[in-house]
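A.B. asks: Dumping the structure here so I can ask a few things about it.
Where a number appears in this text, it was derived from the coordinates with a stated rule and is not lab data. Here the structure is a predicted model, which means the values were calculated and not measured. Reconstructed Cβ throughout: ideal geometry from the backbone, glycine too, with neighbour counts over all protein chains shown.
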Amino acid sequence: MRMRSPYRILLVLLGVAVTVTAWAALTPLRSDSHEQVYVIPKGTWARRMAGETNLQILPAELHLTLGVKDILVLRNDDDVPQLFGPVLIMPGQSFSLPFARASKYSFACQLHVSGKLDVIVAPHPEPGCAGAPWRLRRRWALLLWISALLKPKQLVASLALSILLIATWWLAVAASGSLIFPSPWQVVTGTAEIASNGTLWKHIGWSLFRVGVGFVLAVAVGVPVGLLMGRVTLAFTALNPVVQLLRPISPIAWIPISILWFGVGNMSPIFLIFLASVFPTIVQTAAAVHAIERRYIRAAENFGVSRRRLFLQVVIPAALPQILVGMRVSLGVAWLVVVAAEMIAPRSGLGYLIIDSRNAGNRYDLVVAGMVIIGITGLLLDSGMRRLEQLKAVRWRYAK
Amino acid sequence: MPNKISLVNVRKSFATAKGPLPVIGGIDLAVEESEFIAIVGPSGCGKTTLLNIVAGFERADEGEVKVDGAPRNGPSANGIVISQRGSVFPWLTVQQNLMFGLNGTHSETDKRAIADHYASLVGLKGFEKGYPYELSGGMLQRVELARALAVKPQILFMDEPLAALDALTSLRMRLELLRILAEEKHTCILITHNVEEAIQMADRIIVLSPRPTTIQAIFDVPYPHPRQISSPALVELKASILREFGL
């Protein structure tokens, strides 16, 4: 089944747009605070006295919505009292007025030049089409807020560069008239094809599975060995030469031995990933333990804590930030190696996808698609590991 | 009354490329129970080394160090060191730091109660859940002090605990330390560069000579607390201590 039509992509985009609209219209609105706060700033009275007769402190109409924002709060930061209806709001005071019924209310108020202030309370928006525009407006604000967080300038710069690169690629393919090297669009449609028939997800799943098992084994072995080497001098002097000797050997060089020992099943790539990621983990963990400042160890010894608590409450947490860095490096290496390992062994995974696409009919669009997917997945894995560095227990290390 | 701490002819050298460098050249000192000793001396004279020997982190080459009549073989929770750079664990919250030294004999609830008590004693109330990197230098020093006090040590070793703070914070902490020590009597050894700090806090001031260091002079400070640092007697005392440094 080969479908290369761009309409499929458009259909997907349309589906996304419809889903977003439906979500905005139908989901219940939540609001963390029901208070709509208006502040009367300091110095407004003085400015009015100074002759700013048309100074508008509050808008002529205040809009509230039942069930979402239905408590009007007026805070007086000015240094003279302000009159709102029958209420005198003293300097520094907040006056809050909850509304329970939808209507238009008018208050005598000196805060607006007209001397009158209208509060319009809208009914609670029901789920459904009538509420959609109102809801979309609120969702839109959320989307804008998210995009503001993404730092638009950097976003624009990186988008511009990506577009430039893709355009160059496209032009080069078109100009050379190559029949084999794919254009960006062919890569997109190729990806859509293997995504829709499910093979893409199968390959990604297998690659992630092998990396996951190999990496977890490497951490399970590497962190304890690293901790031991960091704390016990004898262990360090004994193990360090072995580690340093094995470390520079590329896991690719182990492929023949791996096939000899484990055959061509799943164990081979897992073993290669384990080899690739265990050494960076060991080295980084041992370095992390060596780098612990002596004052912390001394303080713990001073309090006479047991060796177990010294290890659990001082050594491990003190080394953890650097251990995490080591794990991030190892995971990156593991991802590099899985692709190479899958090129030789089992009939699944992203590495197999690339080699198989080339062998079975020069499908270079799928070769490039596989490469792009590998890049994106690696990026996601790395950013997942970076998220770990935000944890409170390790942030002290990166905070300053 | 038996001495809390006694040092007899303590000597220590460091090995260097040019042969052994004598740092401590024979010190005899007896400290009584709940006495407050301040040690002042020129930079690099071996004050910190002396403190580390008494605290059990280093060993003297010669002579003997006894605490409660028993030789000092290593660090122990009966004498806690508070140092200038601090050793508050940055990966634990303030409360977890205060509970760190409390060992298995206390229940978890007890530990929390003790931590809360000392947090409020040093003015850390409301900061218990915070992490050290969120605190100022003065606050960190309070955590360090509270963590030490929480294990009820018989001896407090203070190695320039206030030197890293700005002048005002340092002065405020000095007065608070006096208030806290009046509530809980400890034997204290304070190492400081600040002669006024020594005069305001200590019962006895030991002046050390340059390296290899020996005791050059001992001053008694027999005045009740709170002490007015500008009173004529203390101004005179300060002048005579500074004369020991040739100032």
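A.B. asks: Please list, by residue number, every one of the GluC sites (Glu not before Pro) in the range A:271-368 that is coil in DSSP and has at most 14 other beta-carbon atoms within 10 Å. Spell out each step's value before the answer.
C.D. replies: Details: sites: A:Glu293, A:Glu301, A:Glu342; in loops: A:Glu293.
Passing both the DSSP loop test and the Cβ count: A:Glu293.
A.B. asks: Can I ask one more? Roughly how crowded by other chains is peptide A:303-316, in terms of the mean Cβ count from those chains within 10 Å of each of its Cβ atoms? Write out the running numbers ahead of the final one.
C.D. replies: Values: counts 13, 9, 4, 2, 0, 0, 3, 0, 0, 0, 5, 4, 0, 1.
The per-residue average across the peptide is 3.
A.B. asks: Could I ask something else about it? How high is the relative contact order of the range A:35-124, in percent, counting Cα pairs under 8 Å that sit 6 or more residues apart?
C.D. replies: Details: 193 pairs, mean separation 30.1, N = 90.
The value is 33 percent.
A.B. asks: Moving to a separate point now. When you count, for each residue, the other Cβ atoms within 10 Å and take the mean per peptide, how do A:322-330, A:90-98, A:370-378 rank with the highest first?
C.D. replies: A:322-330, A:370-378, A:90-98
A.B. asks: Label-point separation (nm) for B:Ser13 and A:Leu159, each offset 7 Å from Cα along Cα-to-Cβ?
C.D. replies: About 7.4 nm, to one decimal.
A.B. asks: Quick check on the range A:35-124: of the DSSP beta bridges with both residues there, what percent are antiparallel, nearest 5%? Show your work: numbers first, answer last.
C.D. replies: Working: 16 of 27 bridges.
Close to 60 percent.
A.B. asks: First measure r as the distance between the Cβ atoms of A:Leu391 and B:Glu33, then evaluate 1/(1 + (r/R0)^6) with R0 = 51 Å and state the FRET efficiency to the nearest 0.05. Don't skip to the answer; put the middle values down first.
C.D. replies: Numbers: r = 46 Å, r/R0 = 0.91.
So the FRET efficiency works out to roughly 0.65.
A.B. asks: What is the Cα centroid distance between the range B:178-194 and the range B:1-42, reported in whole angstrom?
C.D. replies: If we compute the Cα centre of each part, the gap is 19 Å.
A.B. asks: Find the lysine pairs in chain B meeting two conditions, Cα atoms under 23 Å apart and a separation of 8 or more places or different chains, and report how many there are.
C.D. replies: 20
A.B. asks: Given the rule -39500 (n - 2.57) for each run of at least 4 DSSP H residues, summed and divided by the residues of chain B, what is its mean residue ellipticity at 222 nm, to the nearest 500 deg cm²/dmol? The partial results should precede the final answer.
C.D. replies: Details: 7 runs with 81 residues, N = 247.
Value at 222 nm, helices only: -10000 deg cm²/dmol.
A.B. asks: So which aspartates and glutamates pass the test for A:Lys202, namely a Cα distance under 20 Å, with those fewer than 8 places away in the same chain ruled out?
C.D. replies: Once the sequence-local aspartates and glutamates are set aside, what remains near A:Lys202 is A:Glu193, A:Glu342, A:Asp356, A:Asp365.
A.B. asks: What per residue convex hull volume, in Å³, do the alpha-carbon atoms of the range A:188-399 yield?
C.D. replies: Numbers: hull volume 28.2 nm³, N = 212.
Roughly 133 Å³ of hull volume per residue.
A.B. asks: Turning to a different aspect of this structure: Please compute P(r) over all alpha-carbon pairs of the range A:145-285, binned at 10 Å starting from zero, and give each bin as a whole-number percent.
C.D. replies: Pairs per bin, as whole percents: 10, 21, 20, 26, 18, 6, 0.
A.B. asks: Could you work out the relative contact order of the range A:259-400, using alpha carbon pairs under 8 angstrom and six or more residues apart, expressed as a whole percent? Could the numbers behind the result be given before it?
C.D. replies: On the way: 123 pairs, mean separation 38.5, N = 142.
Taking the mean separation of contacting Cα pairs over the length of the range A:259-400, I get 27 percent.
A.B. asks: Same structure, new question: Calculate the spin-label point distance for A:Glu61 paired with B:Arg179, positioning each point 7 Å from the Cα along the beta-carbon direction, and give it in nanometres.
C.D. replies: With each label point 7 Å from Cα toward Cβ, the separation is 5.9 nm.
A.B. asks: Under the rule of at least 5 residues apart or a separate chain, name every residue whose amide H is placed under 5 Å from the amide H of B:Val81.
C.D. replies: So B:Val81 has HN proximity to B:Phe157.
A.B. asks: Quick one: which residues, 5+ away or cross-chain, put their amide H under 5 Å from the amide H of B:Leu21? H built at 1.01 Å from N.
C.D. replies: Close amide H contacts, sequence-distant or interchain: B:Phe14, B:Ala15, B:Thr16.
A.B. asks: Continuing with this model, one more query. How many percent of DSSP beta bridges within the protein assembly as shown run antiparallel, rounded to 5? All intermediate terms of the calculation are to be shown ahead of the outcome.
C.D. replies: Details: 39 of 70 bridges.
DSSP beta bridges in the protein assembly as shown are roughly 55 percent antiparallel.
A.B. asks: Right, here's the next one. Considering amide H positions built from the backbone, and no H for Pro or chain starts, which residues 5 or more places from B:Ser34, or on another chain, come under 5 Å of its amide H?
C.D. replies: It is B:Thr187, by chain and number.
A.B. asks: Which of the peptides A:275-282, B:237-244, A:170-177, B:7-14 is most tightly packed, and how do the rest follow, judged by the mean count of other Cβ atoms within 10 Å per residue?
C.D. replies: Numbers: A:275-282: 25.5, B:237-244: 15.1, A:170-177: 10.9, B:7-14: 17.5.
Those peptides, ordered most packed to least, come out A:275-282, B:7-14, B:237-244, A:170-177.
A.B. asks: Plugging the Kirkwood radius over Cα pairs into Stokes-Einstein for the protein assembly as shown, at a temperature of 37 °C and a viscosity of 0.692 mPa s, what D comes out in µm²/s? List each step's numbers first, then the result.
C.D. replies: Values: Rh = 32.4 Å.
Diffusion coefficient, whole number: 101 µm²/s.
A.B. asks: Separation between the B:Ala233 and A:Arg101 pseudo-spin-labels, each 7 Å from Cα along Cα→Cβ, expressed in nm?
C.D. replies: 8.1 nm
A.B. asks: Just flag the trypsin sites (Lys or Arg not before Pro) in the range B:39-91 sitting in loop per DSSP whose Cβ has no more than 14 other Cβ atoms within 10 Å. Each step should come with its number before you reach the end.
C.D. replies: On the way: sites: B:Lys47, B:Arg59, B:Lys66, B:Arg72, B:Arg85; in loops: B:Arg59, B:Arg72, B:Arg85.
In loop regions of the range B:39-91 (DSSP not H, G, I, E or B), the sparsely surrounded trypsin sites (Lys or Arg not before Pro) are B:Arg59, B:Arg85.
A.B. asks: Kindly put B:Leu50, B:Leu234, B:Leu21 in sequence by how many other C-beta atoms sit within 10 Å of each C-beta, fewest to most.
C.D. replies: Working: B:Leu50 27, B:Leu234 17, B:Leu21 13.
Placing the least packed residue first, the sequence is B:Leu21, B:Leu234, B:Leu50.
A.B. asks: Compute the Rg/Rh shape ratio of chain B: radius of gyration over Kirkwood radius, all on alpha-carbon atoms. Provide the component values of the computation, followed by the final result.
C.D. replies: Details: Rg = 18.4 Å, Rh = 18.9 Å.
Rg/Rh: 0.97.
A.B. asks: Next up: List the lysines whose Cα sits under 19 Å from the Cα of A:Lys116, skipping any in the same chain fewer than 8 residues away.
C.D. replies: A:Lys104
A.B. asks: Would you work out if the range B:89-152 is rounded, prolate or oblate? Take a ≥ b ≥ c from the square roots of the eigenvalues of the alpha-carbon gyration tensor; rounded if a/c is under 1.5, else prolate when a/b is larger than b/c, oblate otherwise. All intermediate terms of the calculation are to be shown ahead of the outcome.
C.D. replies: On the way: a/c = 1.81, a/b = 1.61, b/c = 1.13.
Taking the square roots of the gyration eigenvalues as a ≥ b ≥ c, the range B:89-152 is prolate.
A.B. asks: On average, how many beta carbons from a partner chain sit within 10 Å of the beta carbon of a residue in B:132-140? Don't skip to the end; give the middle numbers.
C.D. replies: On the way: counts 2, 6, 2, 0, 0, 0, 0, 0, 0.
The per-residue average across the peptide is 1.
A.B. asks: Given axes a ≥ b ≥ c from the Cα gyration tensor, I'd like to know whether the range B:131-247 is rounded (a/c under 1.5), prolate (a/b larger than b/c) or oblate.
C.D. replies: Numbers: a/c = 1.68, a/b = 1.60, b/c = 1.05.
Here the range B:131-247 falls in the prolate category.
A.B. asks: How large is ³J(HN,Hα) for each residue in the range B:222-229, as worked out from phi by the Karplus curve 6.51 cos²θ - 1.76 cosθ + 1.60 (θ = phi - 60°), to whole Hz, x for Gly and Pro?
C.D. replies: Once rounded to whole Hz, the list reads x, 10, x, 8, x, 9, 8, 5.
A.B. asks: Please label the shape of the range A:35-124 as rounded, prolate or oblate, based on the square roots a ≥ b ≥ c of the eigenvalues of the alpha-carbon gyration tensor (a/c under 1.5 means rounded; beyond that, a/b larger than b/c means prolate, else oblate).
C.D. replies: Numbers: a/c = 2.36, a/b = 1.72, b/c = 1.37.
Cα axes put the range A:35-124 in the prolate bin.
A.B. asks: For peptide B:75-81, how many partner chain Cβ atoms fall within 10 Å of a residue's Cβ, on average?
C.D. replies: Values: counts 7, 4, 5, 1, 1, 4, 4.
For peptide B:75-81, the averaged partner shielding equals 4.
A.B. asks: Take the alpha carbon atoms of the range A:203-228, find their center, do the same for the range A:273-342, and report the distance between the two centers in whole angstrom.
C.D. replies: 14 Å
A.B. asks: OK, next. Using the Karplus curve 6.51 cos²θ - 1.76 cosθ + 1.60 with θ = phi - 60°, work out ³J(HN,Hα) for each residue of the range B:46-54 in order, rounded to whole Hz, and write x for Gly and Pro.
C.D. replies: Values per residue, Gly and Pro as x: x, 4, 5, 4, 4, 5, 4, 5, 5 Hz.
A.B. asks: Something else now. For a quick check of your reading of the filter: which GluC sites (Glu not before Pro) in the range B:151-208 sit in a DSSP loop and have no more than 13 other Cβ atoms within 10 Å? Walk me through the numbers on the way to the answer.
C.D. replies: Working: sites: B:Glu176, B:Glu183, B:Glu184, B:Glu196, B:Glu197; in loops: B:Glu184.
Qualifying residues, ordered by number: B:Glu184.
A.B. asks: Only Cα pairs under 8 Å and at least 6 apart count here; give the relative contact order of the range A:323-400 as a rounded whole percent. Provide the component values of the computation, followed by the final result.
C.D. replies: Working: 49 pairs, mean separation 21.8, N = 78.
It rounds to 28 percent for the range A:323-400.
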